[in-house]
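Please read the structure below before turning to the comments.
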Amino acid sequence: MPLIRGYVDEDFIPQKGENMKAAELEVHNLRVTFTPKGRKVQAVRGVTFNIKPNERVAIVGESGCGKSQMARALVQLIPSHAGKIEEGKVLYDGVNLLSLTEKEMRRYRGREIGMIFQDARASLSPLITVGDQIVEAYMDHHPLATKKEAKSRALELLELVQIEDPLRSFGQYPHELSGGMCQRVMIALALAPDPKLLIADEPTTALDVTIQAQILDLLKRIQEQFGMSILFITHDFSLLSGFCHRALVMYAGEIVEEANIQELFKNPKHPYTKALLRSIPRLDLPKSSPLEVIEGNPPDLSKPIPGCPFQPRCKFKTLQCASFSPPMINRVACWLYDPRFKDKYELFTSS
């Protein structure tokens, strides 16, 4: 797509890879708690994972499993009056972000790590035009830039995210744009400081399937063009195929399975992952095939969970599952994959 001649300073446009090499993120034993009405709720319970440079990784799980709170904790956006990061390390290119002061964290939040929040229309200020919001985000992280340079960057980003009329949209307010256009503006806003890692928290929520596909294609194209990494958070397994390289399945504040996308769809291992995939309509099955329903409810995270958090809802649970929390064995947290449960493991995989 050609750039807008006369409005974009071509010497100022970053080329592929110019915004530095994508960073590596390592998360170790992250724990986040909240205290609503005096109760201590363990929203994130010992999450450990990593994102390699130029990789697209998904965190997937049902609503309320702790995905969004985990993502906010990575950049210290847990409100101090409501919650607390109890434990863990978040290493960004070797720097522990959780050890930084708020002033030090501002050098990383936005500039190094961009974030797309849920519900784009609610995340944008209704009192400022979308163009000025992008200009403000850019100048906040590039204080030496002139207003003209910032506007050029904003127009380029609006064109990059495939806004049809960037000049017109620059001067519009969020309520004048459709949901899909607001989501594109949010992506442009997150890209304004040239981050090396982009956290996309349910970026396709409330959008129809056609717009969802366009947004995912746009994120993939931008990620490949600028060489950044993406952490993609969703509850919808159907969005992962063709977009992410690897997925982490989250349940009750824990990672219960990790696999590359092809492996996850072809051979899911954890009973929760299998149940989730069976609840999705598939074109390769007869129309009469019923969708699976996961019976029961997620555990109360304000109370201790002595064993596997999924065992009350699991068809393959054993006495061991109710008493002891399963370790990660072969990238899945399930006692059925322990060598001592060989017979049950074979029964499970053949089902």
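Quick test for you: out of A137, A82, pick the one residue that is touching a Gly at 6+ places or on another chain (Cβ under 8 Å), of a type outside the set (S, T, Y) and touching a residue at least 24 places away in the same chain (Cβ under 8 Å).
Exactly one residue qualifies, and that residue is A137.
Looking only at segment 293-329, which residues are loosely packed, with under 10 Cβ neighbours inside 10 Å and under 25 Å from T35 (Cβ atoms)?
Answer for segment 293-329, where residues must be loosely packed, with under 10 Cβ neighbours inside 10 Å and under 25 Å from T35 (Cβ atoms): N297, P304.
Can you confirm whether R109 is out of contact with any Cys (no Cβ under 7 Å at 6 or more places or on another chain), crowded, with 20+ Cβ neighbours inside 10 Å and free of Cβ contacts under 8 Å to residues at least 60 places away in the same chain?
Judged against the criteria, R109 is a match.
Answer yes or no: is there a residue in segment 122-133 that is surrounded by 16 or more Cβ atoms within 10 Å (Cβ to Cβ) and β-branched (V, I, T).
So far as segment 122-133 goes, yes, one or more of its residues are surrounded by 16 or more Cβ atoms within 10 Å (Cβ to Cβ) and β-branched (V, I, T).
Which ones in segment 111-142 are under 13 Å from E176 (Cα atoms) and β-branched (V, I, T)?
Result: I128, T129, V130.
Tell me whether segment 170-192 contains one or more residues that are outside any helix (DSSP H, G or I), modelled with pLDDT of 90 or more and surrounded by 21 or more Cβ atoms within 10 Å (Cβ to Cβ).
yes
Conditions (1) modelled with pLDDT of 90 or more; (2) in contact with a helix residue (DSSP H, G or I) (Cβ under 6 Å, 6 or more places away or on another chain), marked per residue:
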| position | (1), (2) |
| --- | --- |
| P195 | yes, no |
| I199 | yes, yes |
| D208 | no, no |
| Q212 | no, no |
| L216 | yes, no |
| K220 | yes, no |
| Q225 | no, no |
| F232 | yes, no |
| D236 | no, no |
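Filter segment 201-219 down to the residues that are of a type in the set (S, T, Y) and without any contact (Cβ under 8 Å) to a residue 60 or more places away in the chain, then identify the one that is nearest to C244 (Cα to Cα).
Ranking the candidates gives T204 first.
Limited to segment 85-106, what total is found for residues that are farther than 30 Å from G179 by Cα and free of Cβ contacts under 8 Å to residues at least 40 places away in the same chain?
12
Specify the residue that is surrounded by the fewest Cβ atoms within 10 Å (Cβ to Cβ); the eligible residues are those in segment 80-97 that are in contact with a strand residue (DSSP E or B) (Cβ under 6 Å, 6 or more places away or on another chain) and β-branched (V, I, T).
Filtering segment 80-97 for residues that are in contact with a strand residue (DSSP E or B) (Cβ under 6 Å, 6 or more places away or on another chain) and β-branched (V, I, T), the one surrounded by the fewest Cβ atoms within 10 Å (Cβ to Cβ) comes out as I85.
Filter segment 45-72 down to the residues that are out of contact with any helix residue (DSSP H, G or I) (no Cβ under 7 Å at 6 or more places or on another chain) and assigned to a strand (DSSP E or B), then identify the one that is surrounded by the most Cβ atoms within 10 Å (Cβ to Cβ).
Only one residue tops the list, namely A58.
The values are calculated or read from the model by the stated rules, or taken from the named source; none is laboratory data. None of these values were measured; they are calculated from a predicted model. Note that we place each Cβ from the backbone using ideal geometry, even for glycine, and neighbour counts take in every protein chain shown.
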